[in-house]
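The values are calculated or read from the model by the stated rules, or taken from the named source; none is laboratory data. As the structure is a computational prediction, the values presented were derived from the model and not from experiment. Backbone-built Cβ (ideal geometry, glycine too); neighbour counts: all protein chains shown. Accessible surface is based on the protein model in full, side chains and every heavy atom, while ligands, DNA and RNA are left aside. Shrake-Rupley method; radii C 1.70, N 1.55, O 1.52, S 1.80 Å.
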Amino acid sequence: PQSAQILIPKDPQFQQTLISFNRRTTLTPSVRVLCVTPEAVSTCVQWATQNQVPLAMRCGGHSYEGFSQSTGIVIDTRLMNDISVSGDEVTMGGGAALGSIYQELSKTGRAIPAGTCPTVGVTGHTTGGGYGMLARPLGLACDSLKKIEVVTANGEIINASENENADL
């Protein structure tokens with residue numbers, strides 16, 4: 001199975017991935033890699049670091065502040081969007097969109113403290129704090145995070161939780 005799809009500006013699908021709701025911050029990357037696995041993300045981070053290419057991570061359908069924009073490589077995790085609910089825990093891929101998460105949670109009568117825009121990616125939302133309509137009673141999205149698989153700046157894949165790499 002393919003672990004990533006590499007797109008360059010001349011590819012027809014490339015333009016579809018450029019959605020940005022703030023034209024002031026829109027940048028066109030030289031390459032966009034649609035990753036399916038954490039290992040693909042790791043490989044992209046390592047390659048960008050070794051080749052001194054600017055990079056940005058993208059996990060959702062838009063980037064209002066432009067934090068997921070780059071003229072170098074954009075590592076896009078929107079294809080890593082699996083969502084599963086088990087008891088009181090929700091496990092989701094780094095590219096899951098809030099709207100998709102809410103659809104899955106609605107089947108169980110549960111909710112998470114997150115924002116209201118359905119195209120926002122959970123990773124960017126959570127690592128940015130994660131303010132939403134349920135913030136007063138439930139806190140921010142980052143307050144509900146129990147465990148996360150992280151690709152570090154050097155491309156290492158690690159887990160972080162209260163008991164493992166707790167400093168993260």
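Table for the structure above
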item: Residue tally, condition part of a helix (DSSP H, G or I) and among the β-branched types (Val, Ile, Thr), over the range 91-108; result: 1
item: Subset of the range 126-139 [open to solvent by less than 70 Å² (accessible area, probe 1.4 Å), out of contact with any helix residue (DSSP H, G or I) (no Cβ under 6 Å at 6 or more places or on another chain) and assigned to a helix (DSSP H, G or I)]; result: Ala135
item: Cβ pairs under 7 Å, 6+ apart, first in the range 79-92 and more than 13 Å from Ile112 (Cα to Cα) and among the acidic types (Asp, Glu), second assigned to a strand (DSSP E or B) and at pLDDT below 90; result: none
item: Residues that are open to solvent by less than 70 Å² (accessible area, probe 1.4 Å) and either modelled with pLDDT of 95 or more or charged (D, E, K, R) (or both), drawn from the range 56-73; result: Arg58, Gly72, Ile73
item: Filter result (modelled with pLDDT under 95, assigned to a loop (DSSP other than H, G, I, E, B) and not hydroxyl-bearing (Ser, Thr, Tyr)) within the range 11-55; result: Asp11, Pro12, Gln13, Phe14, Ile19, Phe21, Asn22, Leu27, Pro29
item: Some residue of the range 140-152 being part of a strand (DSSP E or B) and open to solvent by less than 30 Å² (accessible area, probe 1.4 Å); result: no
item: Positions within the range 99-130 being farther than 26 Å from Thr152 by Cβ and of a type in the set (A, V, I, L, M, F, W, C), in sequence order; result: Leu105, Ala111, Cys117
item: Residue within the range 103-115 that is under 27 Å from Leu7 (Cα atoms), touching a residue at least 12 places away in the same chain (Cβ under 8 Å) and touching a His at 6+ places or on another chain (Cβ under 8 Å) present; result: no
